[in-house]
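So the structure is just underneath, and the comments pick up after that.
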Amino acid sequence: MAEQVTRPAGTAGTAGAQPAGVIHDIGYRGYDGPRLGRAYALQSLFTQSLRGAWGIGRGPKAKLVPFGMLALVLLPALVWSAVGNQLNRRLVDYVDFPITLQMPIIIFLAAQSVELLSRDLRFTVLPLYFSRPLRRDDYVWAKLAAMTAALAMLMIAPIVLAYLVAAFDGNNDTTVWDETTAAFGGVLTSLLYAVVLAALALVIAAFAAKRVYTIGAIVALFLISSVVSGIVEGLSENENSELAGLLTPFRLLGGTFAWLRGQQTELSHTGGSGWLYGLTTAALLTLCVGLLLARYRRVGR
């Protein structure tokens, strides 16, 4: 549909009549529907980020890492539980599942934190987010919650599988109640791991827009810190050797939860320094969240 626009009489220039302009009506309309506001935008960002962390709604390649790592944590849990039922004992405590299965967790964390943050930085779409009612801090909280939820799902899944196999096996002398309380402790431990590890990985992803560099930096952080912790523990010769766990995230978090519940395991021992583990964990989480908030208050302006 086009409307001819003609000049009023007497407006033609001395050089002769000018060609008439044309206005094309291409159907643009204003939005007069409901405005769902900031809360709905925050919920949508969390939901879509969580789906993206698992590759849902994307092609098969996007699902390869998350579901591949899920298979790698479920298979050992199934074997441990089945063999433990035959031996009538628990091979790996539920609270130690994250430490024992840390390699698939690290790969998942490194690869999927890139999906949540680095892509938005690389393709410079943050101004589009912030042009809506969504605030900059909202973006950080939604992404952190989504990464925490995705990581918690990965770590809790093997605990649930092992619990189902162990609790309802007739050859196991452990009561269902004992197995349930032990599994519940493992779930709480996994939630603590998920919050801190997600914040730590997202900080790195927020400052490195390139995918390869981000993944490499996150994996290197965990591997190098683990090696350094082992060297320090070996050099200490049983004198304050428990302090070496402060240098690597997985042992730090394991020691923190062991201190909180007042019961240590072989893989999470703090000696008399449990309070120091808890203080370090709180400081690390506060630092990571603070850096994320500060980063996104400045980026994309």
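Could you please let me know if S44 is open to solvent by less than 50 Å² (accessible area, probe 1.4 Å), of a type outside the set (A, V, I, L, M, F, W, C) and in contact (Cβ under 8 Å) with a residue 40 or more places away in the chain?
No; evaluated as a whole, the condition is false for this residue.
Each row is one residue, and each column tells you yes or no for (1) open to solvent by less than 10 Å² (accessible area, probe 1.4 Å); (2) at pLDDT below 95.
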position: F130; (1), (2): no, yes
position: P158; (1), (2): yes, no
position: E179; (1), (2): yes, yes
position: A182; (1), (2): no, yes
position: L200; (1), (2): no, no
position: A208; (1), (2): no, yes
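Within the stretch 72-91, the residues that satisfy the criterion of being within 15 Å of V160 (Cβ to Cβ) and under 26 Å from the mean Cα position of the chain (by Cα) are V73, L74, L75, P76, A77, L78.
Checking each residue in the stretch 259-273 for being outside any helix (DSSP H, G or I) and open to solvent by 40 Å² or more (accessible area, probe 1.4 Å) picks out G262, Q263, Q264, E266, L267, H269, G271, G272. I'd like to know if the stretch 217-232 contains one or more residues that are surrounded by 23 or more Cβ atoms within 10 Å (Cβ to Cβ) and in contact with a helix residue (DSSP H, G or I) (Cβ under 6 Å, 6 or more places away or on another chain). There is at least one residue in the stretch 217-232 that is surrounded by 23 or more Cβ atoms within 10 Å (Cβ to Cβ) and in contact with a helix residue (DSSP H, G or I) (Cβ under 6 Å, 6 or more places away or on another chain).
Please work out if V212 is open to solvent by 10 Å² or more (accessible area, probe 1.4 Å), over 19 Å from W80 (Cβ atoms) and either assigned to a helix (DSSP H, G or I) or among the hydroxyl-bearing types (S, T, Y) (or both). So V212 fits the description; yes.
Only residues that are in contact (Cβ under 8 Å) with a residue 40 or more places away in the chain, more than 15 Å from T248 (Cα to Cα) and open to solvent by 30 Å² or more (accessible area, probe 1.4 Å) were counted across the stretch 274-301, and they come to 4.
Filtering the stretch 243-257 to residues that are in contact (Cβ under 8 Å) with a residue 40 or more places away in the chain and of a type in the set (S, T, Y) leaves only T256.
For the stretch 55-74, the set of residues classified as surrounded by 13 or more Cβ atoms within 10 Å (Cβ to Cβ), at pLDDT 95 or above and either part of a loop (DSSP other than H, G, I, E, B) or of a type in the set (G, A, S) (or both) consists of G68 only.
Summed over the stretch 264-301, residues that are in contact with a Phe, Trp or Tyr (Cβ under 8 Å, 6 or more places away or on another chain) and of a type in the set (V, I, T) total 1. Would you confirm whether or not the stretch 189-197 contains a residue that is over 14 Å from the mean Cα position of the chain (by Cα), farther than 29 Å from R136 by Cβ and either at pLDDT below 95 or not in a helix (DSSP H, G or I) (or both)? Within the stretch 189-197, one or more residues are over 14 Å from the mean Cα position of the chain (by Cα), farther than 29 Å from R136 by Cβ and either at pLDDT below 95 or not in a helix (DSSP H, G or I) (or both). When V232 is tested against the conditions (1) in contact with a Leu (Cβ under 7 Å, 6 or more places away or on another chain); (2) farther than 30 Å from V114 by Cα; (3) modelled with pLDDT under 85; (4) not charged (D, E, K, R), the lone failure is (3).
The values are calculated or read from the model by the stated rules, or taken from the named source; none is laboratory data. Bear in mind the structure is a predicted one, so any value in this text is a computation, not a measurement. When we count neighbours, we look across all protein chains shown, and the Cβ atoms used for this are built from the backbone with ideal geometry, even at glycine. Surface areas here come from the heavy atoms of the whole protein model, side chains and all, with no ligands, DNA or RNA. Shrake-Rupley method; radii C 1.70, N 1.55, O 1.52, S 1.80 Å.
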